[in-house]
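To start, the structure under review is shown below, and the notes come after it.
Quick note: the coordinates plus some simple rules give every number you see, no bench work behind them. Here the structure is a predicted model, which means the values were calculated and not measured. Counting neighbours? That spans all protein chains shown, and the Cβs are built from the backbone with ideal geometry, glycine included.
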Amino acid sequence: MMLVVAAVGMVVNVTQLFAMNNHAWIKATALHDGQPFTAHLSLDSVNFGAADDSPQGSEAFCGNRHRCRLHELCKQPFKPERFQPSQAGELGMLRNTQSEAWCGFDAAGDLTARLLSFGFLLGLVATGLTAMYASQSIPWVALQFDKIEDMGFTDRIQKYIMCGCWVALWFFVFSSMATYALLIPDTLGWGAVELEASFGLLRLCFVLCTINGALMVNSLEDLWDTKHAKDVWKDFVAIKLFSSRKLLYVLLFTQMLCYLLMVVTTVDWSGLLIVLAAFYLLANDRTFMFFYVVLVTISIIFDSLTFAELPTFENMTNGEQYGSTLWITILVLKLMILVTILVKERGEAKKRQAEGREWTMFDSTEGRRTNMGKFDEFLDGERGRVAE
């Protein structure tokens, strides 16, 4: 289990580092002399593209550089020019993005970067300690841990330290998300701002840190028995390779992984339906199958409406393309799972019917044999009485 925690910790560290260093935190529309420019913000800088996605937008804001620093945009003088009002007495909309907006994004990004940097170092420490603890099968590592225990740091204290590191990392990841979402301005001059994939990567890190924290707490308190997980694995291995039951296992696990990866763009609570399917698969209780089929059918119907209104991939950002691809994959998996369940139920129904026929034939044959035996005994008795 500690190896799993360490492996997930490495994913968290890499994901967090990638999220800190790209321009996919905010997508918004900035204004310069009345012209809209699509702005893609990182924590400390911004890339511009004109309304037709040409790369020349940065020239209007900060000269010939490819990207503009937020603190420099914050210090630029603001031109309070406005569009022509539609009616007399009204104030037209500003033709340029206000300096206060750039300053707001700069302040939010600076504080968030500090929290994430500290959290990244904390994640390296937590992952390193967990990996070392999990490597005690190596003689040299085991010897070092024996020395640590001789100093008074028992196994339980070591687990408390690792658990504290993971809980602290969980807190810093959540704090960075909450800080950024709370402090960023609502607009850059035209329309509302949109949180993009980098913020979604923090959501993924938060979910993974929650899983790691739960596993560490379980290692301390034994809140759940790992025997059940082992039983599920044994059941999966024992099933025939080409069977609907094994295929159902694979499809449900693949769908669960897709739901986890889709946290980057959105949190889809229809993933909880996997729990019903898992109960049906493990307990072979058709009640859970009935509830799953009904609820997932409703989900597919609403998903079909969402699918009909999806824009083309050419009009999506990279983050939107990523989320849409996973969402379509999940929709296809829902249909495949439904078909697999129907095939499994039909096969089991035929098996039950065949077993019922064999039992009926066996019971009928034995009944005839028993009745014929009793009839022979009756004839023997009658012959004896006639002879007497």
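Using alpha carbons only, the radius of gyration of region 205-271 set against its Kirkwood radius gives Rg/Rh = 1.05.
Counting other Cβ atoms within 10 Å, which chymotrypsin sites (Phe, Trp or Tyr not before Pro) in region 239-306 have at most 14 and lie in a DSSP loop?
Numbers: sites: 242, 249, 253, 259, 269, 279, 280, 288, 290, 291, 292, 302; in loops: 242.
Here the sparse-neighbourhood loop sites are 242.
Over the Cα atoms of region 72-194, what is the Rg over Rh ratio if Rh follows Kirkwood? Numbers along the way, then the final one.
Details: Rg = 25.3 Å, Rh = 18.8 Å.
Using Cα coordinates only, the ratio equals 1.35.
In the calculated pair distance distribution of region 155-252, what percentage of Cα-Cα distances lie above 21 Å? Tail fraction, whole percent: 60. The alpha carbons of region 236-353 give a radius of gyration and a Dmax of 15.8, 54 Å, in that order. Restricting the calculation to Cα atoms, every distinct pair contributes to the Kirkwood radius of region 109-174, found to be 13.0 Å.
Considering all C-alpha pairs of region 153-198, those separated by over 12 Å amount to 72%. Within region 236-353, how many Lys pairs that are eight or more residues apart, or on different chains, come under 18 Å at the alpha-carbon? Within region 236-353, the lysine pair count is 7. Partners of residue 27 within straight-line reach, counting lysines whose Cα lies under 28 Å from its Cα and excluding those fewer than 8 residues away in the same chain: 75, 79.
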